[in-house]
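Have a look at the structure below before the remarks.
All of the numbers you see were taken from the coordinates with simple rules; none came from a lab. All values derive from a computational prediction rather than experimental measurement. A quick note on method: Cβ atoms are made from the backbone with ideal geometry, for glycine too, and the neighbour counts reach across all protein chains shown.
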Amino acid sequence: MIYFDPYLLRAFLTVAEIGTVNGTAAALGRTQAAVSMQIRKLEGLVGTRLFERSSKGLTITADGQLLTAYAREILSLNEEIGKRLQNSQIEGRVRLGVVEDFAATRLIHILKAFRDQNPKVDIDIIVEPNKRLAAMFENQKLDVVVCDVSQVNRKPMLVWGEELLWVVRSDIAVSAGTSLPIIMFEESCPWRTAAMAALADRDIQWKIVCEASTLVAMVTAVRVGIGIGPMICDTIPEDCRILDRAAGLPVPVRIDVGLYAQSAASAEADYLARFIARYSRRGLA
């Protein structure tokens, strides 16, 4: 049986996030030699290389990626068990930034479960567009953020792969070969580029008839019947339908949304981030 020392796992996860031994040593308050030794010891325990070394730093291997999810789970459960046995509760305040599409859907059940178990943690929920959330996170104005991975220059704790589906009001007919009326995200949204590329790839005739700055705006425009809009499955209204994938109609758009926490996050912020990641992996999202 392999014993996974929490200190080794913490060093491993920090290196995986930061990408260098120097940065990890600074973040954990240890020497570079100590961090390197911990990584080598962990690799010896599992019998495989967890990082590829180069002059630019460390790149996580496929086996390292596999260990990452388990390492987070082990550390999270280790902390949770200790707090429950000691009958202690986390206290404090967390600034959580969330893209609107997730705040209105999959995070509701997770945050409810967190709040039920941690009533002394106050959560400020900031809903902004992807680009704005990333900027606030970079400027230390958010502790935890959920936004498009293209906007944050670091490795996410967790990635949700999503599809933007093309949606129209149920009673509106859409025919291939005609110019499609498209409801599009505002120019600053990273999903706009991906959506327009999907339209271009199918050589479709289309024109933007409305720009939507928020999820509410997108839903309203689609339900009013202004045109066809790209939406995540969980946000599609009941009186709307997804376009089929027939020739001449746009295909779904792949997007990736990541979960991030500050490297020097408070105990309550770090715990919330790992709680979200753990519950997402358990399929509660």
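Data table
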{"item": "26 Å tail of the calculated P(r), the chain, as % of Cα pairs", "result": "52"}
{"item": "Per-residue HN-Hα couplings for the range 131-146 [Karplus 6.51, -1.76, 1.60; θ = phi - 60°; Hz; x = Gly/Pro]", "result": "5, 5, 4, 4, 5, 5, 5, 4, 8, 6, 8, 10, 8, 9, 9, 10"}
{"item": "Rounded to whole Hz, the Karplus (6.51, -1.76, 1.60) HN-Hα couplings of the range 114-129, x for glycine and proline", "result": "5, 5, 4, 8, 9, x, 8, 9, 8, 10, 8, 9, 10, 9, 9, x"}
{"item": "Ratio Rg/Rh, restricted to the range 22-169 and using Cα atoms, in which Rh is the Kirkwood radius", "result": "1.01"}
{"item": "Within the range 162-256: Cβ-based charge dipole about Cα centre, in debye rounded to nearest 20 (Lys, Arg +1; Asp, Glu -1)", "result": "260"}
{"item": "Globularity index of the range 6-83, i.e. its alpha-carbon radius of gyration over 2.2 N^0.38 Å", "result": "1.06"}
{"item": "Degrees separating the helix 32-46 axis from the principal Cα axis of the chain, which is the longest one", "result": "80"}
{"item": "The range 242-283 residues near the modelled residue 26 label - backbone nitrogen below 20 Å, point 7 Å along Cα→Cβ", "result": "261-266"}
{"item": "Distance in nm between pseudo-label sites at residue 52 and residue 172 (7 Å out along the Cβ direction from Cα)", "result": "4.7"}
{"item": "Alpha carbon Rg of the range 162-256, scaled by the compact-globule rule 2.2 N^0.38 Å", "result": "0.95"}
{"item": "Given charges at beta-carbon only (K, R positive; D, E negative), |dipole| of the range 6-83 in Debye", "result": "260"}
{"item": "Cα gyration tensor of the range 109-232 - equivalent ellipsoid semi-axes, whole Å, descending", "result": "33, 18, 13"}
{"item": "For the range 199-208, Karplus couplings with θ = phi - 60° (6.51, -1.76, 1.60), whole Hz, Gly/Pro x", "result": "5, 5, 4, 9, 6, 9, 7, 7, 8, 7"}
{"item": "Label zone at residue 203, where the point sits 7 Å out along the Cα-to-Cβ direction: the range 167-181 residues whose backbone N lies under 19 Å", "result": "175-180"}
